[in-house]
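FYI, it's all coordinate maths here, none of it is from the lab. These numbers were taken from a predicted model, which means no experiment stands behind them. Backbone-built Cβ (ideal geometry, glycine too); neighbour counts: all protein chains shown.
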Amino acid sequence: MRYLISLALTFLASGCAHMEYVSPLASLERAMIFHPTEYPARVPDIPNLAVEDAWIESPDGVKLHGLFVEHPNAQGVALFCHGNAGTVAHRIETLAVLNHRNRLSVLAFDYQGYGKSEGKPSQFGILRDARAARTWLAKRAGVAESEVILMGRSVDLASEDGAKGLVLASTFTSLPDVAHRHLPWVPVHMLMTHRLNSLEKIKRYSGPLLYSHGDADEVIPYDLGKKLYDAAPGPKQFVSTPGGTHNSRQTDEYRQAFDQFILAISRDEQ
């Protein structure tokens, strides 16, 4: 999110098939999950942060917009996949921290329909968007796609093609799992067309993982995050935030863990 859903999924559906194209309520479900935001008129100006507009073409021909910041002596290249609301303009401070503190060249991009990006968001569209953004970033930074550090809602990319490292925060096992917690009386596992089954996908990622979750998360239940983390087979670290909600700022403990995570995976290539 933050990651691809703030999911107060007030999803009341009946009779939905599993294939999106035959579901009469698929458009309603999309509206509950995705919250495209227009690019703001004013973007914060952060000293010593040289921000470059990135224009990326998705496989379906849609133009995506992103923000790229380069580090002249980068110890890593990162792709930041934001959540289901806001735009890259709202992540300027995050880009600054990653660039200044962690010496990362980093790209954040908007999915179709968000900010300046064309099109409309969909389950499969956002996955294609992330793949196109990683391709653009790898080419721009001169690295292999498998050497890109993935941050945010990026389990799909990591599971399919690997990554230098994977950084997740307050992530779900699957959309139906989260919806069931909010609407336990509705058979959402049978009805929902959007699945995004991260639990099965993360089992195919064997690289380094840093995961954080607030134990008071009101959107993505803490135990679902822990279940996702436990399913990852590779080297990993879990940072729990006592009292942390879904949109709480990361703590100093997390920042230090992230510092060490980036340092460790950058040393691996030396």
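Using a 10 Å cut-off on Cβ atoms, rank the peptides 46-53, 210-217 from the highest mean neighbour count down. The partial results should precede the final answer.
On the way: 46-53: 11.9, 210-217: 21.0.
Final packing ranking: 210-217, 46-53.
Measuring from centroid to centroid over Cα atoms, what is the spacing of the stretch 77-153 and the stretch 181-199 in Å?
Each part reduced to its Cα centre gives a spacing of 27 Å.
Assuming 0.36 nm per residue, please report the length gained on full extension of the stretch Arg42 to Lys120 beyond their Cα-Cα distance.
25.8 nm
Just going by the charge dipole of the stretch 21-268, with Lys and Arg at +1 and Asp and Glu at -1 on Cβ, which of Asn247, Phe68, Ala232 is farthest out on the positive end?
Most positive-ward Cα: Ala232.
What is the set of long-range amide H partners of Ala78 at a cut-off below 5 Å, with H atoms built 1.01 Å from backbone N?
Hits under the 5 Å cutoff: Ser105, Val106, Leu107, Ile149.
Any idea how far apart Lys226 and Glu52 come out in nm if each label point goes 7 Å out from Cα toward Cβ?
Reported label-point gap for Lys226 and Glu52 is 4.4 nm.
Residue by residue, what Karplus-based ³J(HN,Hα) values in Hz, rounded to whole numbers, does the stretch 194-208 have, using 6.51, -1.76 and 1.60 with θ = phi - 60° and x for Gly and Pro?
Values, residue by residue: 8, 10, 6, 7, 6, 4, 6, 5, 5, 5, 9, 9, 10, x, x Hz.
Run the paramagnetic zone check for Lys139: 7 angstrom along Cα to Cβ, then residues of the stretch 62-86 with backbone nitrogen under 20 Å.
From the stretch 62-86, the list is 62-71, 77-81.
Which of the lysines could a cross-linker bridge to Lys226, judged by Cα under 27 Å and excluding same-chain residues fewer than eight apart?
Lys164, Lys201, Lys203, Lys236
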